[in-house]
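The values are calculated or read from the model by the stated rules, or taken from the named source; none is laboratory data. Since the model is a prediction, treat every value here as computed from it, not as a measurement. A quick note on method: Cβ atoms are made from the backbone with ideal geometry, for glycine too, and the neighbour counts reach across all protein chains shown. SASA here: full protein model, heavy atoms, side chains in, ligands and nucleic acids out. Shrake-Rupley method; radii C 1.70, N 1.55, O 1.52, S 1.80 Å.
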Amino acid sequence: MNKIKVLHFVSGLGNDGVTQVIKNYTSKLNQHYNIENIVVYQHHAKADKVLELQQIGDKLYEIPYKSDHPFANLLETYKIIKKEQPDIVHAHMSLLSFYPLSVAWLLRVKVRIAHAHIAQDNINPHMAKVFKKLNYIFANHYIACGQSAGKYLFGKRHFDIMYNAIDQSKYKFDLKKRKLLREKLKISDNTVIIGTLGRLTKQKNQGFLIDIFNQYHHDNPNSKLIIVGVGELEDKLYQKIKSIHQEENIIIVPGTNDPESYYSAFDFFVLPSLYEGLPVSAIEAQASGINMILSNNIDRDVQYNSNVTFLPVDKGAAPWVFAINDFNMVDRENVSSKNKYNIEKQYPRIFELYSKLLIKKGK
């Protein structure tokens, strides 16, 4: 087969799960197959993410943000697809994937993939129904990060799973990294650290996490909470921390290019999300062997280690505090990589899927 050209459409490039998934897969695909991956994004991207994708061999385009410039967005999408003549347009925009897919349909792109990365409405439910139908019209293949996301966006239609796979060796527990980061943050070896990584948004529910920690800290004063991320709720979270007088014990880190050091430094990883697809941070954290408590709004298919507990977010902080206290510390240095979230096992599957779809469509 000749070189396969894939045009990926995303909302933005930053410290988010979708960006990480694209990076993880395209880095391997570019190395091992005759394929060209092109990423088209809308929001102004983080410079380091642009550089990372370019360094692994991806080609990038920035187009106007559709909410502010809907017609300019469509026009630039049209120009790029017409210029690049891709074999596949792979839209990673969940409910809004129909936007670039409609242009791909107009330009007769053979394979048009809608990819579900969320499992619950994040917009008005009536609009969500309309957007789902538009995806059915303009896509001719469906992919999801997990069963819940696929059933949410595609109903009973057939979809394939593209697991949010990672290079698990990168995230293995590292005692040296643990000690170095704790020294940098001036946190002692015997202090319990509860931590999380994610955008500072309503979805990630860090305000509730602060409540959990505040209650836990009352009986466990030798403890800290570290929240790694940036987002629109940063000021509100700082105000909440100040209102409960926990400025000394709760640390907000404005993003990191070294998440693996934080996973190693943490004793517990807690993610009380209001809605999710399949969070990459939860997959990365498991590779470090850390004890984890996740919201039951998260697809349970995310679990591949035994030390993971799922809890509701509408029953207050007490069950979460109890779960933290109830965990036994585990051997973090012997975590098996024999699971479906290992990128080494998954990237050949995706190339095979791309190839089969193109053969089916007559290339």
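Before moving on, here are some points about what is shown:
- Residues located in segment 1-22, provided they are touching a Pro at 6+ places or on another chain (Cβ under 7 Å) and modelled with pLDDT under 95: Gly17
- Checked against the criterion of being surrounded by fewer than 19 Cβ atoms within 10 Å (Cβ to Cβ) and either assigned to a helix (DSSP H, G or I) or more than 15 Å from the chain's Cα centre (by Cα) (or both), segment 279-287 contains not a single residue that satisfies it.
- Residues that are open to solvent by less than 30 Å² (accessible area, probe 1.4 Å) and either closer than 17 Å to Asn15 by Cα or over 20 Å from the mean Cα position of the chain (by Cα) (or both), drawn from segment 28-49: Ile35, Val39, Val40, Tyr41, Gln42, Ala45, Lys49
- Checking each residue of segment 250-266 against the condition of being part of a helix (DSSP H, G or I), closer than 20 Å to Lys184 by Cα, of a type in the set (Asp, Glu) and touching a helix residue (DSSP H, G or I) at 6+ places or on another chain (Cβ under 7 Å) gives at least one match.
- Residues that are assigned to a loop (DSSP other than H, G, I, E, B) and among the basic types (Lys, Arg), drawn from segment 191-249: Arg199
- Subset of segment 88-130 [assigned to a helix (DSSP H, G or I), among the hydrophobic types (A, V, I, L, M, F, W, C) and open to solvent by 30 Å² or more (accessible area, probe 1.4 Å)]: Leu96, Trp105, Leu106, Met127, Val130
- Scanning segment 312-328 for residues that are closer than 19 Å to Lys204 by Cβ, in contact (Cβ under 8 Å) with a residue 24 or more places away in the chain and in contact with a strand residue (DSSP E or B) (Cβ under 9 Å, 6 or more places away or on another chain) returns Val313, Trp320, Ala323, Ile324.
- Search result, residues across segment 138-179 that are open to solvent by less than 30 Å² (accessible area, probe 1.4 Å), touching a Ser or Thr at 6+ places or on another chain (Cβ under 9 Å) and in contact (Cβ under 8 Å) with a residue 60 or more places away in the chain: Ala149, Gln168, Tyr171
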